[in-house]
Amino acid sequence: MKKTLFPAFSILLVDDEPAWLKSFSLTLKSCAGINNIVTCQESREVMGLLDQGGIGLVLLDLTMPQLAGETLLQQIGERHPGIMTIIVSGMNQLETAVRCMKLGAFDYIVKTDEEDRLVGGVLRAIRILELQQEFRTMSDRMLSRQLQHPEAFTDIVTGDPRMQDLFNYVEAVSPSHQPLLITGESGVGKELIARAVHTLSGCSGPLVAVNVAGLDDTVFADTLFGHVRGAYTGADQARPGMIEQAGNGTLFLDEIGDLSIASQVKLLRLLQEGEYFPLGGDRPKRMNARIVVATHRDLAAREAAGEFRRDLYYRLCTHKIHIPPLRDRVGDIPLLLEYFLAEAAKTLGKKKPTPPKELAQILATYSFPGNVRELRGMVYNAVSLHKERILSMDSFLKAIGQSRSDEPLPVQGQNPFAVFERLPTFAEAAELLVEEAISRANGVQAIAARLLGISPPALNKRLKMSRK
Ligand SMILES: Nc1ncnc2c1ncn2[C@@H]1O[C@H](COP(=O)(O)OP(=O)(O)OP(=O)(O)O)[C@@H](O)[C@H]1O
């Protein structure tokens, strides 16, 4: 199996004591899963190693024979300003630390500090370097507007420019180790995007999807972390959790907005520490999987209402994608219609029917609360009932009519007529309504009549009357 390197750039440890180099490498590996490490005992070789490229972070000792750490720090800053340096010194002196920070060190760590401080400082630097790198990639992608891996998006049918921008963003952030939040209404394609992220991430493991809605806290912990044998009554066998099953792949947590507060605490700890305890276990396990989460809820509103932890919300928002609803990208409707007609015809063993040309126009006037999933369901239903060469619009109109009559009128706050100082007469109100329907139907009277719930001849009669 291909070994995933973390971080993607190398970390150079420079110290003249081989024992320290060995023990620090081991600490970084066991406590933080950092395995992309290069060590160097000879200070005069450092600049040569950096010139070769591939190194993003240097952990530098100060007191070394030949070249002193402070001299090297200055040289690194001048010749490789993009490389970050952390001083790891035996000297606990404020003055030295201040001098080093002024020379551009990212952090100053004392060798005798707690392990948490050592590892935490390195993880912080990695996070910032990754974000800088992602920012650069993102700017380049946004400027070039050219996808490097369009094949990752072949299942996502769209011609909408906002979706194309979103694909560019997905390409830029997919290799990141930071969590990714995908929001959007139900059926809008969040899982499809999560799959594209996984494909583009280059992760060697599988994508493991878990719907966390309705899981109580213990089931959540058991599902994610697994348990050891005898953890609770009935736990006859040890069982690995989804994190372990995802391995070096992606863990996709769907419906994250429905997570209980207790489970939110567990998820936050997992993201912060990268470690977890299986239920009943006393030895921590490392998480190597990338975390992608999704929700159809307004997470910012839930956070403001105190239903979602602020610290977790901000952690999850490091990378954020919002997929617009189908009603806001009506240009996609004809494309999706064609795509699903072909798919449904193939699945149902029928010849692909031809859709009447008004169908896409009628669908464009509908709000699609169930988004692309709803459209797909409508097409499958129509194709399964289909007999003639031209597809009948009946099942679509029935589904739309049914859904419309179930929807309350979106009158926000008050009756729209309440704002009129003089109430319009029936005739005036009807004229305004007809005008709006014709405009929404792009001038197609048959569609406007459907929107108004009257027959096309009745609409025609009204139009003639109002023209007189
Ligand atoms: N742009 C698209 N092109 C083709 N198929 C799509 C597109 N968007 C969504 N679909 C299809 O619509 C259905 C719903 O998509 P998906 O499961 O990704 O939505 P979701 O946002 O994750 O839904 P939920 O919030 O209910 O989990 C799937 O069958 C998916 O293949």
Boolean, residue 151 is away from the ligand (no atom under 16 Å from the Cβ), open to solvent by 50 Å² or more (accessible area, probe 1.4 Å), farther than 30 Å from residue 82 by Cβ and assigned to a helix (DSSP H, G or I): no
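Does residue 90 satisfy being farther than 28 Å from residue 198 by Cα and of a type in the set (Gly, Ala, Ser)?
For residue 90, the condition - farther than 28 Å from residue 198 by Cα and of a type in the set (Gly, Ala, Ser) - is met.
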Selection count where residues are away from the ligand (no atom under 12 Å from the Cβ) and within 11 Å of the chain's Cα centre (by Cα), scope the range 155-169: 1
Set 118, 60: member being open to solvent by less than 40 Å² (accessible area, probe 1.4 Å), touching a Gly at 6+ places or on another chain (Cβ under 8 Å) and under 30 Å from residue 284 (Cβ atoms): 60
Residues being more than 12 Å from the ligand (Cβ to nearest atom) and either outside any helix (DSSP H, G or I) or over 25 Å from residue 456 (Cα atoms) (or both) - total across the range 358-377: 3
Close pairs (6 angstrom Cβ cut-off, 6 or more residues apart or separate chains): near the ligand (Cβ under 8 Å from one of its atoms) in the range 170-188, in a loop (DSSP other than H, G, I, E, B) and among the aliphatic types (A, V, I, L, M) anywhere: 184/323; 188/323
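Look through 4, 27 and report the one residue that is outside the structural domain of residue 176 (by TED's automatic domain parsing), of a type in the set (Ser, Thr, Tyr) and in a loop (DSSP other than H, G, I, E, B).
4
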Pairs with Cβ under 7 Å, 6+ apart, first in the range 17-35 and at pLDDT 90 or above, second of a type in the set (D, E, K, R): 21/15; 27/115; 35/29
Single unsatisfied condition, residue 276 versus (1) within 16 Å of the ligand (Cβ to nearest atom); (2) under 21 Å from residue 7 (Cβ atoms); (3) hydroxyl-bearing (Ser, Thr, Tyr): (1)
Among the candidates 214, 249, residue that is assigned by TED's automatic domain parsing to the domain that holds residue 308, more than 16 Å from the ligand (Cβ to nearest atom) and not basic (Lys, Arg): 249
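The values are calculated or read from the model by the stated rules, or taken from the named source; none is laboratory data. Note that the structure is predicted; figures quoted are calculated from it, not measured. Counting neighbours? That spans all protein chains shown, and the Cβs are built from the backbone with ideal geometry, glycine included. Accessible surface is based on the protein model in full, side chains and every heavy atom, while ligands, DNA and RNA are left aside. Shrake-Rupley method; radii C 1.70, N 1.55, O 1.52, S 1.80 Å.
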